Amino acid sequence: MDHNPLTNPTRNAPASGFKQWVRLYLQNSRYRENIRRATEHALEQRRLAVDEIPDWERLRQEGHRRKQQIIDHLPEHLNQFIENARARGIVVYQAPDARTANQFVEQIARQHGVRRIVKSKSMVTEEIGLNAHLQQNGLEVVETDLGEYIVQLAGETPVHLVGPALHKSRQEIGQLFAEKLGVTYTEDPSELTRLARNILREKFLTADMGITGANFGIVDSGRVVVVENEGNARLCMTLPRIRVVIMGMERLIPSEADLPLFLTLLCRSATGQRLTSYVSITGGPASSPSPEGPEKVYYVVVDNGRSRLLQDPHLKKALYCIRCAACYNICPIYQTIGGHAYGWVYQGPIGAVITPELSGDQRADDLPFASTLCGACSDICPVKIPLHHLLLYQRQRIVQRTSGPHSEKLGFALFEKLARHSMLWNRMIRLLGKVQRVFPGELPVPGWTHSRIFPRVEWPTFTQWWQKHKRKTP
Amino acid sequence: MTSPTIELFKKRFTESGGRLFMPTRQDVPTILKTIQNHERARRILIEEPVLRIFPLNTTPFPGASTEILSFGDRKHSTRSAHLERLRDIDMAISTVDGLVAETGSILMVHRNHPGQWHVLLPPAVVFLASPHQLIGDLEALFARLSRELESLEDGYHLITGPSKTADIEKQLVIGMHGPRSVYLLLLSDAPSPERDPTA
C-alpha cells in the first residue's frame with residue numbers, strides 16, 4: 001500500500017519506474033490528443049496576453065527579485081505573516097508535514113461539528129492527500145471547481161495545475177456524469193456545466209466548512225489572495241460557517257502593493273487573462289455581527305519538504321513558483337506524455353525539480369531526467385526560475401547520491417581515458433567508423449540506444465580529412 | 001477623470017463579458033426594467049447603498065417582488081434566514097467601490113456593503129457606478145487602497161466579467177458558480193458619492 005500522497009493515487013506508481021509509466025500513456029492517443037490541444041490553446045492565449053505588456057521582461061525580473069527577497073528570509077517573513085494574521089483573529093497552524101496538516105484540518109472539522117466540506121482547487125491539498133484523509137474519517141468533501149469535480153467523480157487526480165480535467169474529452173465527461181450522477185447523457189459543455197452547477201450549488205448551501213488554497217499570502221497584512229474564474233472559491237470562503245485556508249509556506253509576497261505585478265504575471269501566464277473573473281483579498285472573520293461570512297478563519301501553513309528545498313542554495317529558487325503552469329504547457333515532454341504519466345501531483349518541469357525533495361521518495365529520481373534541457377521552461381517562467389539549470393542540478397545530485405548504474409560509470413571512465421589521449425581517441429574513432437561501415441545497421445548499446453540513436457562516425461574522420469588537406473590551406 | 005480612461009474601461013469591461021450602459025439618471029428605471037425583462041427576474045434584491053445614489057424603492061418592477069438588503073439586517077437576521085432569503089434571488093442591484101480601466105474590473109470593499117452573497121448567488125447582477133469611481137490601472141488601485149488597508153477589515157474583491165469556466169475541452173462556458181450576467185450602469189450624471197472608500 002502506497003502511503004505517499006504525492007504519488008498519483010489513481011494507480012500505484014509502477015515499481016519499474018517512470019519509464020514504464022510513460023510508455024503506457026504514450027499508447028493512449030485520445031489522452032495525448034486532448035493534452036496537445038489544451039497546451040497549444042493555453043500557450044496561444046498566454047502569448048496574446050503577454051504581447052499586450054511591452055515591458056514583460058522587466059516584470060519577470062521584478063517578480064523574480066521580489067520572490068527572492070521573500071525566500072532568502074523566509075522564516076522572518078513567515079513569522080511576520082502569521083503574527084499579522086493572528087492580529088486579525090485568524091487561527092494559524094504551521095504543519096511540518098502532510099500528516100499533521102491533515103490531522104489539524106480534521107480536528108477543526110470535529111471541533112465545529114462539521115459534516116459537509118466544500119473545497120476549491122488547491123494543489124497543496126492534493127500534495128498532502130487531504131481529501132482522502134477527511135473522507136476516511138467520515139467527512140464529506142466536495143470539490144467545487146468544475147475540473148476538480150470531474151476528476152473527483154472519476155476517482156482520478158489533476159492532470160494539470162490549471163486545468164485538472166483537460167485530458168478528458170467532452171464525451172468522456174458526458175459518460176462520467178451519466179454514470180455517476182444518473183443524468184441523461186449529454187456532451188454539450190454548457191449543459192454539463194449547468195448540471196454540475198445545480199448539484200454543487202446545493203452542496204454549497206448546506207456545507208459547514210469551506211476550504212480554499214491561497215495564491216498569495218501577504219506578509220504585511222496577514223491577508224490571503226485567491227484567484228479564480230468560476231466563483232466557487234468565493235462561495236467556499238463566504239458561505240460556510242468555518243473557513244480554512246491551506247497554503248504552502250512559500251506562497252508569500254511582501255505587501256498588497258506587490259499585487260499588480262504578481263496578478264499580472266500569474267493571470268496572463270496561467271490563462272491568458274488580464275485578470276481572472278474573481279480576485280479575493282480576504283482577512284479574518286467579520287468584526288461586526290453578520291449572518292454572512294465565516295465565523296472562524298483558520299490558516300494551515302504547510303512545510304512538507306519545502307524546508308529541504310530552502311536549505312539548498314540552488315533549489316530554493318524553485319520556491320519562487322507561482323503555479324501558473326506555463327512551464328507545463330511549453331514543455332515538449334509534458335506536451336507529449338501529459339500530467340498523469342509523471343505519476344506525481346506536481347508535474348512538468350517545476351514538478352520534476354521539486355518532487356524529489358518534497359516527497360523524499362527515490363521513485364521521483366527519474367523525473368529530472370524527463371527533460372530535453374531545451375530551456376523553454378526557463379524562458380517562459382514569469383518569475384524567471386532557471387528551471388532547466390535546476391533540472392540539470394537535480395540530475396547531478398541524484399547521480400552523486402545513487403552513483404548511477406555501473407555500466408554508465410564504466411563507460412564514462414573509458415570516455416575520460418580516451419578523451420585525454422588524442423592518439424587513443426583517433427584510433428578508437430577510426431575503428432568505430434570501420435565497424436559502422438561493415439555493419440551499416442544501428443549499433444546497439446544496452447540501456448542507451450533504447451531511446452537514442454548512436455551517432456555515426458563521419459567517414460573519412462575529421463583528422464583523416466585534415467591530414468590530407470591541411471597543406472592546401474594558406 | 002479623463003475620457004481615455006473611460007474609453008479603456010468600456011473596452012475592457014465589455015471584452016471581459018460584462019454589459020455596459022451609460023444612462024442618465026432619468027433613463028435608469030427604463031434600463032433596469034429592460035434588464036429585468038431580459039433576465040426574466042421575478043425576485044429582485046436591492047442593497048441599501050444603492051438607494052443613496054438612486055431612489056429605486058420607488059421604482060417597482062412589473063411582475064416582480066423587490067426587497068432591500070440593509071445594513072440593519074446584519075444584526076437581526078440569522079444565518080439560515082438570511083440564506084433562505086437570498087438563495088432564490090434572480091437579480092441583485094449593487095453599488096461598487098471602484099472601477100479599474102486596465103482590466104475592466106469592479107472593486108467591492110466588503111465593509112461598504114450589507115453583505116457579499118447578493119453579488120455572487122443570483123444569475124444576474126446589476127452594478128450602479130459613477131465615472132468618478134474610475135481608476136486607471138491595478139497599480140493606481142492598490143496605491144489608493146493602501147492608504148486605508150488597515151481599516152478594510154475583512155477584505156475586498158475584484159470582479160471582472162461573469163463567472164466562467166473552460167474546464168471541458170477548453171471551451172468557454174459563462175455562468176459556472178457565480179452570475180452569468182454582469183451589468184454595469186455607469187451613470188453619466190451621478191453625484192459624487194458622499195463617502196468614496198478609495199479616495
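The values are calculated or read from the model by the stated rules, or taken from the named source; none is laboratory data. Just so we're clear, the structure is a prediction, and the values are computed from it rather than from any experiment. With ideal geometry, Cβ positions are generated from the backbone for all residues, glycine too; neighbour counts draw on all protein chains shown. Areas reflect the complete protein model, heavy atoms only, side chains present, ligands, DNA and RNA absent. Shrake-Rupley method; radii C 1.70, N 1.55, O 1.52, S 1.80 Å.
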Does the stretch A:160-174 contain at least one residue that is open to solvent by 50 Å² or more (accessible area, probe 1.4 Å), at the interface with another protein chain (Cβ under 10 Å from one of its Cβ atoms) and under 25 Å from A:GLY272 (Cβ atoms)?
yes
Residues of the stretch A:180-211 being farther than 15 Å from A:SER120 by Cα and either in a loop (DSSP other than H, G, I, E, B) or in contact with a strand residue (DSSP E or B) (Cβ under 8 Å, 6 or more places away or on another chain) (or both), which ones?
A:GLY182, A:VAL183, A:THR184, A:TYR185, A:THR186, A:GLU187, A:ASP188, A:PRO189, A:SER190, A:THR193, A:THR206
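Confirm whether A:ALA214 is at the interface with chain B (Cβ under 10 Å from one of its Cβ atoms), under 25 Å from A:ASN84 (Cα atoms) and touching a strand residue (DSSP E or B) at 6+ places or on another chain (Cβ under 6 Å). Working first, answer last.
Working: at the interface with chain B (Cβ under 10 Å from one of its Cβ atoms): no; under 25 Å from A:ASN84 (Cα atoms): yes; touching a strand residue (DSSP E or B) at 6+ places or on another chain (Cβ under 6 Å): yes.
The answer is no for A:ALA214.
Tell me yes or no: at least one residue of the stretch A:281-288 is under 27 Å from B:HIS113 (Cα atoms), among the β-branched types (Val, Ile, Thr) and within 8 Å of chain B (Cβ to nearest Cβ). Talk me through it step by step, then tell me what you get.
Applying the first criterion (under 27 Å from B:HIS113 (Cα atoms)) to the stretch A:281-288 yields A:281-288.
From what is left, the residues that are among the β-branched types (Val, Ile, Thr) are A:281-282.
So of that shortlist, the ones also within 8 Å of chain B (Cβ to nearest Cβ) come out as A:281-282.
Checked the stretch A:281-288: at least one residue is under 27 Å from B:HIS113 (Cα atoms), among the β-branched types (Val, Ile, Thr) and within 8 Å of chain B (Cβ to nearest Cβ).
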A careful count of residues in the stretch A:289-305 that are at the interface with chain B (Cβ under 8 Å from one of its Cβ atoms) and of a type outside the set (Ser, Thr, Tyr) gives 4
Being of a type outside the set (S, T, N, Q) and assigned by TED's automatic domain parsing to the domain that holds A:GLU126 narrows it down to one of A:TYR298, A:TYR334, A:TYR320, so name that one.
A:TYR298
Run A:GLU230 past the list (1) of a type outside the set (A, V, I, L, M); (2) touching a residue at least 40 places away in the same chain (Cβ under 8 Å); (3) outside any loop (DSSP other than H, G, I, E, B) and report the number of the one that doesn't hold.
(3)
Tell me, yes or no, whether the stretch A:64-80 has at least one residue that is in contact (Cβ under 8 Å) with a residue 40 or more places away in the chain, within 30 Å of B:LYS164 (Cβ to Cβ) and surrounded by fewer than 22 Cβ atoms within 10 Å (Cβ to Cβ).
yes
Cross-chain or 6+ apart pairs with Cβ under 6 Å, the stretch A:264-291 first and outside the structural domain of A:HIS160 (by TED's automatic domain parsing), then among the acidic types (Asp, Glu) and surrounded by 24 or more Cβ atoms within 10 Å (Cβ to Cβ)
none
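Quickly run through the stretch A:153-179 and pick out the residues that are part of a helix (DSSP H, G or I) and of a type in the set (S, T, N, Q).
Here is the first cut: in the stretch A:153-179, the ones part of a helix (DSSP H, G or I) are A:153-154, A:170-179.
Answer for the stretch A:153-179, where residues must be part of a helix (DSSP H, G or I) and of a type in the set (S, T, N, Q): A:GLN171, A:GLN175.
Answer yes or no: is there a residue in the stretch A:177-187 that is in contact with a Lys or Arg (Cβ under 8 Å, 6 or more places away or on another chain), buried (at least 24 other Cβ atoms within 10 Å of the Cβ) and not aromatic (Phe, Trp, Tyr). Show your work before the answer.
Step one: of the stretch A:177-187, the residues in contact with a Lys or Arg (Cβ under 8 Å, 6 or more places away or on another chain) are A:187.
If we keep only those that are buried (at least 24 other Cβ atoms within 10 Å of the Cβ) as well, we get none.
No.
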Which count do you get for residues in the stretch A:28-43 that are in contact (Cβ under 8 Å) with a residue 40 or more places away in the chain and either within 13 Å of A:ALA165 (Cβ to Cβ) or not in a helix (DSSP H, G or I) (or both)?
4
Out of the residues in the stretch A:328-338 meeting the condition of being at negative phi and open to solvent by less than 20 Å² (accessible area, probe 1.4 Å), tell me which one is farthest from the chain's Cα centre (by Cα).
A:ILE337
Residue ID - nearest to the other protein chains (Cβ to nearest Cβ), chosen from residues in the stretch B:12-41 that are among the basic types (Lys, Arg) and within 18 Å of the chain's Cα centre (by Cα):
B:ARG12
Tell me, which strands (runs of 3 or more DSSP E) lie completely within the stretch B:26-133 with 3 or more residues that are open to solvent by 10 Å² or more (accessible area, probe 1.4 Å)?
B:65-69
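For the stretch B:134-170, which positions are part of a loop (DSSP other than H, G, I, E, B) and more than 8 Å from chain A (Cβ to nearest Cβ)? Let's see the steps before the verdict.
Pass one, the stretch B:134-170, residues part of a loop (DSSP other than H, G, I, E, B): B:136-137, B:147-148, B:153-154, B:160-163, B:166-170.
The answer is B:GLY136, B:ARG147, B:GLU148.
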Residue pairs, Cβ under 8 Å, 6 or more apart or interchain, first in the stretch A:434-445 and without any contact (Cβ under 8 Å) to a residue 12 or more places away in the chain, second part of a loop (DSSP other than H, G, I, E, B) and hydroxyl-bearing (Ser, Thr, Tyr). List them.
A:LEU443/A:THR449
Starting from residues that are in a helix (DSSP H, G or I) and in contact with a strand residue (DSSP E or B) (Cβ under 6 Å, 6 or more places away or on another chain), keep the ones in the stretch A:136-152 and report whichever is surrounded by the most Cβ atoms within 10 Å (Cβ to Cβ).
A:LEU146
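Against the condition of a type in the set (A, V, I, L, M, F, W, C), closer than 30 Å to B:LEU120 by Cα and crowded, with 24+ Cβ neighbours inside 10 Å, how does A:VAL345 come out, does it pass? It would help to see each step written out before you state the result.
Working: of a type in the set (A, V, I, L, M, F, W, C): yes; closer than 30 Å to B:LEU120 by Cα: no; crowded, with 24+ Cβ neighbours inside 10 Å: yes.
The answer is no for A:VAL345.
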I'd like to check something: does the stretch A:232-251 contain any residue that is more than 7 Å from every other protein chain (Cβ to nearest Cβ), among the basic types (Lys, Arg) and under 27 Å from B:PRO122 (Cβ atoms)?
yes
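Hey, can you tell me all the residues within the stretch A:25-38 that are out of contact with any Gly (no Cβ under 7 Å at 6 or more places or on another chain), closer than 13 Å to B:GLN171 by Cα and open to solvent by less than 70 Å² (accessible area, probe 1.4 Å)? Break it down into steps so the answer makes sense when it comes.
Going through the stretch A:25-38, the residues out of contact with any Gly (no Cβ under 7 Å at 6 or more places or on another chain) turn out to be A:26-30, A:33-34, A:36-37.
Still in the running and closer than 13 Å to B:GLN171 by Cα: A:34, A:37.
Hit for the stretch A:25-38 is A:ASN34, nothing else.
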Of the residues in the stretch B:75-90, those that are under 15 Å from B:ILE46 (Cα atoms) and within 7 Å of chain A (Cβ to nearest Cβ) come to B:HIS82, B:ARG87
